[in-house]
Structure formats: structure tokens, C-alpha cells
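What follows is one structure encoded as C-alpha cells, with my remarks underneath.
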Amino acid sequence: MELVNTHCHCVYSGHGVGSIAEYADAAAAAGLSTLAFTEHFPLSPAFDPDEYLSMTPANVDAYLAEIEAARAKHPQIEFITGTEMDYLGSLEDRAITDEALAPFRFRLLSVHFIDGWAFDDPAQRDRWEEPGAPDAIWRRYGELWCEAASNAHAAYDAMSHPDLAKKFGFYPRRRAPADAWWR
Ligand SMILES: [Zn+2]
Ligand SMILES: [Zn+2]
């Protein structure tokens, strides 16, 4: 069986642990044939004030260089230079150029923000506990996820984790209607 992983984060995304080299060594030890590094594409300071959610622009070159070093050390593994793009919808505040995207051969597109709120950030978890929140959050998450998937302006190769809203174990109360998006 071929082992492939196309979504991982190390220290470059702020909330991950381990270096590129450590991931590469672990991939080799586990017998992976392909590993895509998918650090979060830099967010603006408004969305990521603590540099906890994404790469910083200053770190991108080092990220790319460390992937090259991993390739040199483990030539039997296909290391894919990737990135995870956060879909921000109408709140997008970055001017993302083709040049900035060019190094990334594989782009994930994700919804980690609901109208500006990082709903899966443990430090911002409180809103889930407000009355009625899970119903409203799941509904809006579904809308944004579908909006992202169908957005012709966001170039991506694969959508990430459509089940992310379950992260903290809060679920909608009602059963899905017959025409619900997630059926
Ligand atoms: Zn990710
Ligand atoms: Zn993600």
C-alpha cells in the first residue's frame, strides 16, 4: 500500500510542532511515498496578530529552502511544496499575487474563519458555548465552505476538512432537513 499525506503543519504555521526535517525523517521512517507540506499561507496581522495561525511572509523563503533540503536528504520520497489558503470571503484583506502563489505546487483551500472569527482556535472557543451558537455556526460554516469551493477566484487543488466545525464536539441540535447541504 502506498502511504500519502497531503496535509501537515510544522512550526512554520505557529500552531504546529516539529521542523520540516523532522517531518521528512518521520515520513521516511514510516515509509511514505509522498508528503505535501501545507503550511498556512500568510494572513494579515489583522487576522493573525500573534503569528499563531499562519506563516509570516518573512518565513516563506526558509520554508521553501527547508523543503528543498528534505528532498536532497530523502530522494525516494516525493515532497510536495504546498500551502493551505484560508478562505476569508468578503473579508479578504490581502492582495495575493500570482508571484506569491507561484512556489506552491499544491494549494489547499480551507474555512477556518467564520466572518472573521477563527472558530477552531482553542483560545477563541467561548463563542461556541453561547445559547444557540452551534446551530448558527454550523449553518454559516456550511455556507462559507460551499462558497469557498465554488469561488472561481480562489485557485486551489483540494478543499480541506469539511468536518472541521466538529472540532470541539458541538453539533447542531436539529436533524438536517432533506435539502441540507451536508446530505
Ligand atoms: Zn491545515
Ligand atoms: Zn486547516
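Each value in this text was obtained by applying a stated rule to the coordinates, not by laboratory testing. What you see is a predicted model, and the numbers here were worked out from it, not measured in a lab. Here Cβ is always computed from backbone atoms with ideal geometry, including for glycine, and neighbour counts include all displayed protein chains.
Within the stretch 1-15, residues that are near ligand 1 (Cβ under 9 Å from one of its atoms) have Cβ atoms under 8 Å from residues that are of a type in the set (Phe, Trp, Tyr) and not in a loop (DSSP other than H, G, I, E, B) in these pairs: Cys8/Tyr23; Cys8/Phe37, counting only partners at least 6 apart in sequence or on another chain. Taking Ser90 as the residue in question, decide whether it is of a type in the set (S, T, N, Q), more than 16 Å from ligand 1 (Cβ to nearest atom), free of Cβ contacts under 8 Å to residues at least 12 places away in the same chain and not in a strand (DSSP E or B). It is true that Ser90 is of a type in the set (S, T, N, Q), more than 16 Å from ligand 1 (Cβ to nearest atom), free of Cβ contacts under 8 Å to residues at least 12 places away in the same chain and not in a strand (DSSP E or B).
Quick check: is even one residue across the stretch 131-144 within 22 Å of Arg174 (Cβ to Cβ) and part of a loop (DSSP other than H, G, I, E, B)?
Start the filter on the stretch 131-144 by keeping residues that are within 22 Å of Arg174 (Cβ to Cβ), which leaves 131-144.
Retained after the next criterion (residues that are part of a loop (DSSP other than H, G, I, E, B)): 131-132.
Looking for residues that are within 22 Å of Arg174 (Cβ to Cβ) and part of a loop (DSSP other than H, G, I, E, B), one finds at least one in the stretch 131-144, hence yes.
Checking each residue in the stretch 20-43 for being more than 11 Å from His74 (Cβ to Cβ), more than 16 Å from ligand 1 (Cβ to nearest atom) and surrounded by 14 or more Cβ atoms within 10 Å (Cβ to Cβ) picks out only Thr34.
Candidates Glu2, Glu66, Glu51: the one that is surrounded by 14 or more Cβ atoms within 10 Å (Cβ to Cβ), assigned to a loop (DSSP other than H, G, I, E, B) and more than 16 Å from ligand 2 (Cβ to nearest atom) is Glu51.
Residues of the stretch 19-34 include none that is touching a helix residue (DSSP H, G or I) at 6+ places or on another chain (Cβ under 7 Å) and within 16 Å of ligand 2 (Cβ to nearest atom). Only a single item in (1) farther than 26 Å from Arg174 by Cα; (2) polar (S, T, N, Q); (3) touching a Ser or Thr at 6+ places or on another chain (Cβ under 8 Å) is not met by Ser160, and it is number (1).
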